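**Q** Below is one structure. I have some questions about it.
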Amino acid sequence: MSRATGSHRVQGSRSGAGRELSRLLLIWATLQAALFLYFFSCAIYPLPRWDHYDWIAGYFGADSLGTWLWQPHNVHRIVPTKLAVLVDIEIFRGLLTPIALASLFMLTGWLAVLVRTANTVDNLEHRSRTAFTGLLLILSLQTYTLDSYTYPANNQFPVSIFLLVCAVCSLLRAAQDSQPGQRRTPWLLAALCAAIACTFSSLNGLFVWPILAYLCWKTRLRAGLPLVLGIAAPVLALHLTGLAGVAGHGSDLPAPARFAGYLVAYFGMPWAAVNSLSTAGVLVGAGVLLLCAHALLARGLRRDPATGLENIGLALILYAVMTALMTSLGRSAQFDMPAHRYTVFAVLAHTGLLCVYWRPLWRRLQATAHHTAGYGLAVALGVVILCQQVAVGLFACERAEAFARLKAQILRGDRSAALIDQVYYDARRYPAHLALMRREGIYLYRRGAHGAASTDSNP
């Protein structure tokens, strides 16, 4: 009798702790999301930069729309991103905000698909689902990833992640359905369509096919594996036809030490890029890599029944790790530190780890949350992360304001090399891009834009 009473007391204590913890995480996530959206609205780039100018020139210079859409960007096919540029030019005359909003939609879209699938496949208990959603938002809505959403030329990364998550979750829904036939077929078709679109969103999108094949093997989805392999071969061949390497993309093989250092920094961003926090960044990067390796080896190689959430997590980890290996191989010979835009893939690894380890993590959190010290530690950690959210967000807004000042200088006729180097890589070709935009009345010279063409006497 006393044992039963004690057991009920422990369960009641954990239930109460779980309720309070889920509320705390939801409040934290709400603040995190509000700050992210606010700084997103302030940090959108006010003018095109770098490759975006080449896409604009390619659009107006191509023989046909299909030719331009298919034309590779370096080593990438970026059809969805070019479609976003097309809409921005033809409907909004180069406002740029629609492309940023499209990237934000991709982010919110894959988060919603992941949460919905996790709840459908695993049927998480209410408090567990609330706490998981809160932590997912906290990890994903980091202002240090804003550059991948507010800088239009980085749109390809949110797009590829969204399509990957759609493909993975659709395949897992097909694997969950024990009844063969019509109910399973739509989910398989949705997974294959999302995978094909992902293939032509970025070079990283090629990794969707081995991930889907792996999930077919792991979930024993026999009908899926032949379909995935049969469609992957021609789609991959089509994607790779006509592609050629460019400088900075695998032209030189890196030394092993540089490769390893770049790979660790990749998962330790953004802290690894800050001199005063570089040691912490290296420790974070090494820790994330070790956890990813443990997840893939301890859980990824077993075909015993696993939760849908765990399989989603393994897929996200595989995508993040394969992308990191490819980028490290292609760029570490030339660059000491990963570009800031790759933080979205580090965040994807964090999200994958959360999915894989959620059930034991949730039990541990419930067991420790009712202790005052554990609760206080969670609150302190939340305050630190929210302070980081504000500090990095302010930096992103200041950067957008700096580019707004550059835009004003360009419109006043400033063509100095120091200025142009901040927006385009070839100072000699830049005036031609400006002349094209002025002729078409787009971007810097949008019709109706305040102080545009009339103030620029030097295109």
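One line per residue, one yes/no per condition, for (1) without any contact (Cβ under 8 Å) to a residue 24 or more places away in the chain; (2) exposed (fewer than 14 other Cβ atoms within 10 Å of the Cβ):
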| site | (1), (2) |
| --- | --- |
| Gln389 | no, no |
| Leu394 | no, no |
| Ala417 | yes, yes |
| Ala435 | no, yes |
| Glu440 | no, no |
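**Q** Taking the condition touching a Pro at 6+ places or on another chain (Cβ under 8 Å), in a helix (DSSP H, G or I) and modelled with pLDDT of 85 or more, does Val392 pass?
**A** On the way: touching a Pro at 6+ places or on another chain (Cβ under 8 Å): yes; in a helix (DSSP H, G or I): yes; modelled with pLDDT of 85 or more: yes.
Against the criterion (touching a Pro at 6+ places or on another chain (Cβ under 8 Å), in a helix (DSSP H, G or I) and modelled with pLDDT of 85 or more), Val392 qualifies.
**Q** To continue, here is another question. Need at least 3 residues that are under 23 Å from the mean Cα position of the chain (by Cα) per element, so show me which helices (runs of 4 or more DSSP H) inside region 38-114 make the cut, counting only ones lying wholly within it. Before the answer, list the steps.
**A** Working: elements: 51-61, 65-70, 79-90.
Output list reads 51-61, 79-90.
**Q** Which of the residues that make up region 361-383 are modelled with pLDDT of 80 or more and farther than 25 Å from Gly313 by Cβ?
**A** Correct list: Ala380, Val383.
**Q** Is it true that Phe132 is of a type in the set (Phe, Trp, Tyr) and over 23 Å from Leu96 (Cα atoms)?
**A** Working: of a type in the set (Phe, Trp, Tyr): yes; over 23 Å from Leu96 (Cα atoms): yes.
So Phe132 passes the test.
**Q** Within region 265-284, how many residues are in a helix (DSSP H, G or I), touching a residue at least 40 places away in the same chain (Cβ under 8 Å) and over 27 Å from Trp217 (Cβ atoms)? Give the steps one after another, and end with the answer.
**A** Start the filter on region 265-284 by keeping residues that are in a helix (DSSP H, G or I), which leaves 265-267, 271-273, 275-284.
When the remaining residues are screened for being touching a residue at least 40 places away in the same chain (Cβ under 8 Å), the result is 265-267, 272-273.
Adding the requirement that they be over 27 Å from Trp217 (Cβ atoms) leaves 265-266, 272-273.
Selection size over region 265-284: 4.
The values are calculated or read from the model by the stated rules, or taken from the named source; none is laboratory data. Remember, predicted model here, so these are calculated numbers, not experimental data. Because the Cβ atoms are built from the backbone with ideal geometry, glycine has one as well, and the counts that use them run over all protein chains shown.
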